[in-house]
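Worksheet: one structure, shown below.
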Amino acid sequence: MLGLAVFASLCYLASAALNKPSFCRDLDCPKYTVLQSFPGFELRRYEMSQWVATKDLVTRYDALKNSNMFYKLFHYISGKNTLGMKMPMTAPVLRTVIPGVGRNNQQTMMEMHFMIPHNMQPFPPAPTDPTVYITTLPPLDVYVKSFGGFTNHRMNLMKVEELKNQINNRNLFHGDHFYTAGYDGPRSMNRHNEVWLVAKN
């Protein structure tokens, strides 16, 4: 039985490596298929995957809070987990952005995610930080707009609006939240960024 589980895990890893897009470089990243390509964006179908996450409520975009969330997750993969295990970085750094919540609907919920490496997806160690947790992203169909360069919150908002206008049909996607995905470290010059809108099925 153990041999079968190891074989299945190796098959999954081989499949993930073969299907990995070039912008993931040498990092594990979530598996997807492109359902349809359009001028300036595409529709992807992502497989279910496990991520480590943390979140915060902000009144306006706060770079310090964003950095704090990143380091909470980085500490998790650096050994701040119940196994004391170090894990490799994955891509992308994914953020769920939910505007118009909290006090007088004037706040934004930011949730940041690191994907669990493929070989640990079934049984990731639990975080020891109570503000960090393991979460499962269900299978998702998302409209994706990719762009290069250094980005920030304002640029992401602008790209989300561009994507909405390119889709040109508000009935095709959920407009109450969006995702941002960054695939590169802070020193990388050849950068790949994305914004996602979840398609309505």
Enumerate the pairs (first residue in segment 85-104 and without any contact (Cβ under 8 Å) to a residue 12 or more places away in the chain and within 27 Å of S146 (Cβ to Cβ); second residue anywhere and β-branched (V, I, T) and surrounded by 15 or more Cβ atoms within 10 Å (Cβ to Cβ)) with beta-carbon separation below 6 Å, excluding pairs fewer than 6 apart on the same chain, so at least 6 apart or on different chains.
-> none
Is it the case that segment 133-152 has a residue that's among the acidic types (D, E) and closer than 26 Å to S37 by Cβ?
-> yes
Taking segment 23-60, which residues are modelled with pLDDT under 95, outside any strand (DSSP E or B) and either farther than 22 Å from V142 by Cβ or aliphatic (A, V, I, L, M) (or both)?
-> D26, T59, R60
Just to be sure, is K200 in contact with a helix residue (DSSP H, G or I) (Cβ under 7 Å, 6 or more places away or on another chain), among the charged types (D, E, K, R) and either farther than 25 Å from N105 by Cβ or at pLDDT below 95 (or both)?
-> no
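Per-residue answers, yes or no, for (1) polar (S, T, N, Q); (2) farther than 15 Å from L43 by Cα:
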{"residue": "I116", "(1), (2)": "no, yes"}
{"residue": "Y133", "(1), (2)": "no, yes"}
{"residue": "V142", "(1), (2)": "no, no"}
{"residue": "F150", "(1), (2)": "no, yes"}
{"residue": "R154", "(1), (2)": "no, yes"}
{"residue": "N169", "(1), (2)": "yes, no"}
{"residue": "R191", "(1), (2)": "no, yes"}
Across segment 148-183, what is the number of residues that are in contact with a His (Cβ under 7 Å, 6 or more places away or on another chain) and either without any contact (Cβ under 8 Å) to a residue 40 or more places away in the chain or of a type in the set (A, V, I, L, M) (or both)?
-> 0
State which residue is farthest from H177 (Cα to Cα) when the search covers only segment 85-105 and only residues that are of a type in the set (A, V, I, L, M, F, W, C) and open to solvent by 20 Å² or more (accessible area, probe 1.4 Å).
-> M85
Please state which of the following conditions G79 fails to meet, knowing it meets all the rest: (1) at pLDDT 95 or above; (2) open to solvent by 80 Å² or more (accessible area, probe 1.4 Å).
-> (2)
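Quickly run through segment 123-147 and pick out the residues that are open to solvent by 50 Å² or more (accessible area, probe 1.4 Å), of a type outside the set (S, T, N, Q) and without any contact (Cβ under 8 Å) to a residue 60 or more places away in the chain.
Restricting attention to segment 123-147, the residues satisfying the condition of being open to solvent by 50 Å² or more (accessible area, probe 1.4 Å) are 123, 128, 130-131, 133-134, 136, 138-139, 146.
So of that shortlist, the ones also of a type outside the set (S, T, N, Q) come out as 123, 130, 133-134, 138-139.
Of everything in segment 123-147, those that are open to solvent by 50 Å² or more (accessible area, probe 1.4 Å), of a type outside the set (S, T, N, Q) and without any contact (Cβ under 8 Å) to a residue 60 or more places away in the chain turn out to be F123, P130.
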In segment 18-57, the residues that are surrounded by fewer than 17 Cβ atoms within 10 Å (Cβ to Cβ), touching a Lys or Arg at 6+ places or on another chain (Cβ under 7 Å) and of a type in the set (A, V, I, L, M, F, W, C) = V34, L35
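The values are calculated or read from the model by the stated rules, or taken from the named source; none is laboratory data. Here the structure is a predicted model, which is why all the values come from computation and not from measurement. With ideal geometry, Cβ positions are generated from the backbone for all residues, glycine too; neighbour counts draw on all protein chains shown. The protein model used for the area step is the full one, side chains on, heavy atoms only, and it has no ligands, DNA or RNA in it. Shrake-Rupley method; radii C 1.70, N 1.55, O 1.52, S 1.80 Å.
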